[in-house]
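Each value in this text was obtained by applying a stated rule to the coordinates, not by laboratory testing. Everything numeric in this text was worked out from a predicted model, so none of it was measured. We place every Cβ from the backbone using ideal geometry, glycine too, and count neighbours over all the protein chains shown.
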Amino acid sequence: MPAQLLVSIVEIGCFFALIALSYLIVLYGAGFFHFALGPYAMFSALGAAYLLAVEEWPLWLACMLGVAVATLLSVLTELLVVRPIEKRARGEELPSLIAVVAVMFAVSQLGGWLFGRRPLPGRPWIDFHEPIEWGSAVISGQSVATLLVTLALFGALAAWLRWSRYGQWLRAVGENQQAARTMGFPVARIRLVAFAVGGLIAGVAGPLFSSKAGVSFESGLSYSLFGFIALVIGGTGSVWGPLAGGLFLAALQIAASYLFGSASLNYATLLAAVLFFAFRPEGLFARRVRH
């Protein structure tokens, strides 16, 4: 495989991994699959790209606003959608999941209405005057930025979950909300923190990746799908599982496209999902069950 494809695997795999990580943190803290995080990443990227291209905002300010909006949307999803529906449904998840799927489509259409239905280009976070040459591959500043930001977010989240009080509480609430409530943990607040952190990670992932592939109002649905499959592959047993799953999925997609053409990408993705669901549903990093 050409070296340039390895660079693409890292770039795309890091993006998949960040979306999967945003899923994981909400799953840990609330026991809920927050599928709207893909469209929230799209909304952050599309909004930032619009402010950069049309309003000529500084890069850092446009991206910060995109991240803030994605975080706010995730928090509002918990407060206005998931929490009230779970309360009325007496804890059943299916009604909330259906409502969040509706939110996914609503946010996608809202993005198209606000920022236009044409794809918009992103802007590199780091722009080298001369790209780095690695054998036959050329490494851009944005490739370096994507890798560094991804590793920083994974490392920071791993440390937060392990060493901070809220991080430890979050894991406890995700494993058994009723027991955590009985022990006096602030369950509602911890769930809100999980949704906020998940939205923040998705909000960073969108603008970070848009400089490579651009972004449109339809991108969010594919973000959700690929992030979910990356989480399935990586598993929920370790905070690093999404990173392994994202890189695995990206490698599979790029190898399939290189060998069999771009039309095979979706088939390869579906095959990976089916195989892991059938033969290793716990993923590469299985979650330990406490007795």
Completion exercise
Measuring from the longest principal axis of the C-alpha atoms of the chain, the long axis of helix 219-234 (C-alpha) lies at a number of degrees, nearest 10, equal to 70
Exercise for the section: Report, in cubic angstrom per residue, the convex hull volume of the C-alpha atoms of the stretch 7-152. Expected result: 125
Problem - Exposed trypsin sites (Lys or Arg not before Pro) absent: longest stretch of the chain, with sites in DSSP loops and at most 16 other Cβ within 10 Å deemed exposed - result: 118-286
Problem - Listed residues 237, 167, 184, most fluctuating in the chain (Gaussian network, C-alpha, under 10 Å) - result: 184
Handout entry: Separation between Cα centres of the stretch 2-59 and the stretch 235-291, rounded to whole Å
Key = 17
Fill in the blank from the handout: Taking Cα atoms, the helix 241-260 axis meets the longest principal axis of the chain at an angle in degrees (rounded to 10) of 40
Practice task
Please compute the net charge surrounding residue 173, taking Lys and Arg as +1 and Asp and Glu as -1 over other residues with Cβ under 11 Å from its Cβ.
Solution key: +3
Exercise for the section: Just add up the charged neighbours of residue 215: K/R +1, D/E -1, any other residue whose Cβ is under 13 Å from the Cβ of residue 215. Expected result: +3
Completion exercise
Listed with the fewest Cβ neighbours within 10 Å leading, 163, 240 appear as 163, 240
Exercise for the section: Arrange 113, 169, 134, 160 by Cβ neighbour counts within 10 Å, fewest through most, would you? Expected result: 113, 134, 160, 169
Completion exercise
Between the Cα axis of helix 94-115 and the main Cα principal axis of the chain, the angle (0 to 90°, nearest 10) is 40
